[in-house]
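J.: Pasting a structure below so you can have a look.
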Amino acid sequence: MNITEIKPNPEFEAEIVAAGGEDVKMCFQCGTCTASCPSGRRTSYRVRKLMRMAQLGLKDQIVNSEELWECSTCYTCVERCPRSVPIVDVVIALRNIAVAEGHIYDNHKKTAASFYKTGHTVGINDKIKALRSSMGLPEIPPTVLSNKKAMEDVDKILKATGFNKIVE
Ligand code: SF4
Ligand code: SF4
């Protein structure tokens, strides 16, 4: 895209702020994050570029980008950023915006569905139950899986935050 075609996008800026990514404005494009990023070594993901796209309000390009999902949230960039930009918070804010608009991979949706249904992103099956028994552990771990009240609380939180809409 030609830089002259980019128009201010205050609505997207407000969305980023509301989603917890306000400090993206602090980025001065030094590139330290990209130079430190292990995901960027293996993929086309460039975290400095993502920060700049967010500053420029390029919402459509961001929410449709595969690279948005390449960050492993390892926090290496956050430790090294000279401007103390909470980069991972910004990435998560951008992902939340993307998901709210229906941009979600099937596998992520399946993981979210498992969490909504069981309180765990990775469910328990007969094989895991047998393995636990063989190790002298109860078949069902002492988590929400064996605590009805705790699962009801999780359910309330997920509904109150709108998480259920991702999977329903
Ligand atoms: S290290 Fe910080 S200031 Fe430098 S480009 Fe990355 S986010 Fe911006
Ligand atoms: S947190 Fe994400 S963007 Fe930062 S270095 Fe790790 S993988 Fe790269």
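J.: Taking Rh as the Kirkwood radius computed over C-alpha pairs, what is the Stokes-Einstein D of the chain at 20 °C in a medium of viscosity 1.002 mPa s, expressed in µm² per second? Before the final figure, lay out the partial values.
T.: Values: Rh = 18.3 Å.
So the translational diffusion coefficient is about 117 µm²/s.
J.: Which aspartates and glutamates have a Cα less than 12 Å from the Cα of Lys59, not counting those fewer than 8 places away in the same chain?
T.: Glu11, Glu13, Glu15, Glu101
J.: Please report, in debye to the nearest 20, how large the charge dipole of region 106-167 is about its Cα centre when each Lys and Arg carries +1 at its beta carbon and each Asp and Glu carries -1 there. Provide the component values of the computation, followed by the final result.
T.: On the way: 11 positive and 6 negative charges, 23 e Å.
My answer is approximately 120 debye.
J.: Moving on to the next point. With no solvent and one point on each alpha carbon, what is the Debye value of log10 I(q)/I(0) for region 106-167 at q = 0.18, 0.25, 0.29 Å⁻¹?
T.: Computed log10 I(q)/I(0) values: -0.69, -1.01, -1.16.
J.: Mind checking the angle between helix 87-100 and the chain's longest principal axis? C-alpha axes, 0 to 90 degrees, to the nearest 10.
T.: 70
J.: Moving on to the next point. When the Karplus curve 6.51 cos²θ - 1.76 cosθ + 1.60 is applied with θ = phi - 60°, which whole-Hz ³J(HN,Hα) does each residue of region 123-137 get, with x for Gly and Pro?
T.: Per residue, the Karplus-derived 3J(HN,Hα) values read x, 10, 10, 4, 5, 5, 4, 5, 5, 4, 4, 5, 9, x, 9 Hz.
J.: Rounded, prolate or oblate: which fits region 8-105, taking a ≥ b ≥ c as square roots of the Cα gyration tensor eigenvalues, rounded meaning a/c under 1.5, else prolate when a/b beats b/c? Don't skip to the end; give the middle numbers.
T.: Working: a/c = 1.73, a/b = 1.23, b/c = 1.41.
Note, shape of region 8-105 comes out oblate.
J.: Which order do Tyr116, Tyr75, Tyr45 fall in if you start with the one that has the fewest other Cβ atoms within 10 Å? Write out the running numbers ahead of the final one.
T.: On the way: Tyr116 17, Tyr75 12, Tyr45 20.
Ordered from fewest to most neighbouring Cβ atoms within 10 Å, Tyr116, Tyr75, Tyr45 come out as Tyr75, Tyr116, Tyr45.
J.: Just to check I understand the Karplus step: with θ = phi - 60° and J = 6.51 cos²θ - 1.76 cosθ + 1.60, what whole-Hz values come out for region 157-165, glycine and proline as x?
T.: My calculation for region 157-165 gives 4, 5, 6, 5, 8, x, 4, 4, 5 Hz in order.
J.: Separation between the Ile157 and Phe28 pseudo-spin-labels, each 7 Å from Cα along Cα→Cβ, expressed in nm?
T.: Placing both labels 7 Å beyond Cα along the Cβ direction yields 3.9 nm.
The numbers here are math on the coordinates, done by the rules we state, and not lab data. Nothing here was measured: the structure is a model prediction, and the numbers come from that model. Every residue, glycine as well, gets a Cβ built from its backbone with ideal geometry; the counts of neighbours run over all protein chains shown.
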